[in-house]
1. Taking region 327-359 as the region of interest, how many residues are at pLDDT 95 or above, among the acidic types (Asp, Glu) and either in contact with a Cys (Cβ under 6 Å, 6 or more places away or on another chain) or surrounded by fewer than 18 Cβ atoms within 10 Å (Cβ to Cβ) (or both)?
2. Name every residue in region 173-196 that is part of a strand (DSSP E or B) and either over 24 Å from Ile128 (Cβ atoms) or outside the structural domain of Ile154 (by TED's automatic domain parsing) (or both), in order of residue number.
3. Hey, among the residues in region 311-353 that are over 18 Å from the mean Cα position of the chain (by Cα) and of a type in the set (A, V, I, L, M), which one's nearest to Gln286 (Cα to Cα)?
4. Before we move on, is Ala295 surrounded by fewer than 22 Cβ atoms within 10 Å (Cβ to Cβ), within 24 Å of Glu133 (Cβ to Cβ) and not hydroxyl-bearing (Ser, Thr, Tyr)?
5. From the set of residues in region 360-378 that are under 19 Å from Glu287 (Cβ atoms) and buried (at least 16 other Cβ atoms within 10 Å of the Cβ), which is modelled with the lowest pLDDT?
6. Could you list all residues from region 201-218 that are of a type in the set (D, E, K, R) and not in a strand (DSSP E or B)?
7. Out of Tyr265, Tyr278, Tyr235, Tyr305, which single residue is in contact with a Cys (Cβ under 7 Å, 6 or more places away or on another chain) and either modelled with pLDDT of 95 or more or more than 19 Å from Phe399 (Cα to Cα) (or both)?
8. May I ask you to say which residue of Gly320, Gly313 is in the same structural domain as Leu252 (by TED's automatic domain parsing), touching a Leu at 6+ places or on another chain (Cβ under 7 Å) and either free of Cβ contacts under 8 Å to residues at least 60 places away in the same chain or crowded, with 24+ Cβ neighbours inside 10 Å (or both)?
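The values are calculated or read from the model by the stated rules, or taken from the named source; none is laboratory data. Just so it is clear, the structure is predicted and the values come from calculations on it, not from any experiment. Using ideal geometry, Cβ is built from the backbone for each residue, glycine included, and neighbour counts are taken over all protein chains shown.
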Amino acid sequence: MSTENASTTDLTTQPATLASELFAPGVGAQAGPPTTPASDTGSAGNASPGAHSHGGPTPTGSPPERLKSTDPDVFGVPTGREETWRFTPMKRIKPLLDGAASDAHLTWTTDLPEGVELTSVEAGDPLIKGLPEPVDRLAALTRQRADGAAVVRIAKEAQLDRPVTLGLAGTGGDDVVWGQLVIEVGAFAKATVVLDHTGSAKYSGGVTVLAGDGAQVTLVSVQDWAPGSVHGGQYDVVVGRDATYKQVVVTLGGDLVRLVSNVQYAGTGGRADLFGVYFSDETQHQEHRLWVDHAVPNCTSNVLYKGALQGEGARSVWIGDVRIRPAATGTETYELNRNLVLTDGARADSVPNLEIETGEIVSAGHASATGRFDDEQLFYLCSRGIDAETARRLVVRGFFADVVQNIGIDALQDRLMGTIETRLGALPGLEDQPVEVA
């Protein structure tokens, strides 16, 4: 993190920009997917004529409409048998789901370039009421318990000379930290925002990005928590007309991390690229769920997540849901998840879902692969005099590098690759692991 203008931050309360100032007239923050099913929309296993449903058990694979509410009781208390919770270790996430009120907080450090304002709003502010609604009980508890939000406001047409950096550090303790962050990016602005999570905490946080018309926004979220930390979160983005949004999620630390990322489009011509890297070590559980809702014409989405697992009890979960609604003609979308299982005793679950309700699209597809090392790559390296163990480490580094480079910040990329190198260095008996084609 740059130390220039870095400080421990106290937020002031000021009115925040309304969605009407970020998007085209008549378009609000919840533009895009309707909360209740439209009369002409299908559902998985019960689609409208001409619809194509792909992936998941009927009728709950790629859900046609997700339940949304700011009231936690609407969702009930999950038992682990629900589709959205069946992969999550309920005992470990229970402290968050209990929903106890708390005054605990993370320590913030900030680096704010010129043209960026950090403020806060109360829970009743129109900005909060207009945000995309929570999609599960934990997100609803977070909206309720956070009692307002911190707001990063980036002026329209701003061209920042460096990234906005928010360092969010846990200070330990058993109390849950509840947090809500809204990032407003004005029309035609260009900005990168880094959320760097470190330290020890039980944290439930909501993040919403409002990318104004024509804006170019990159959000980098790093989960480099200390051992024993628990982090649950809902990330929402509303992509304005002709706006470009890039999200890079890097999950390395913590005992349990469960992040739900949702994308909706507020106008035509929007693009969303979602990249992710995760490295699950012994007993770690890392879960990433994505929902991309194409509800307006001529928008693009691209998803690429890569993960590696090592050690007994290492677990990763990736769920990718993409829906193309009847009105979303001209859509172009693709999602890919790849996992490297480095040792016995580790498990990766990968579930891509795609639902298409119009034939008038450019392209749509998805893929998932889980396996060990690519023997062709290893043979190539070994044939040039590189020993087998070094060759395997080079393959893993290369596996991650093409995703990490999307961050676009050299110092942060070097730090994260260094962390991955350290994790690889702790991998015992790599030369004894079997080789398979991923």
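1. Total satisfying the criteria: 2.
2. Gly173, Asp174, Lys190, Thr192, Asp196
3. Ala314
4. Yes; evaluated as a whole, the condition is true for this residue.
5. Among those that are under 19 Å from Glu287 (Cβ atoms) and buried (at least 16 other Cβ atoms within 10 Å of the Cβ), it is Thr370.
6. The answer is Asp213, and nothing else.
7. Tyr265
8. Being in the same structural domain as Leu252 (by TED's automatic domain parsing), touching a Leu at 6+ places or on another chain (Cβ under 7 Å) and either free of Cβ contacts under 8 Å to residues at least 60 places away in the same chain or crowded, with 24+ Cβ neighbours inside 10 Å (or both) holds for just one of Gly320, Gly313, which is Gly320.
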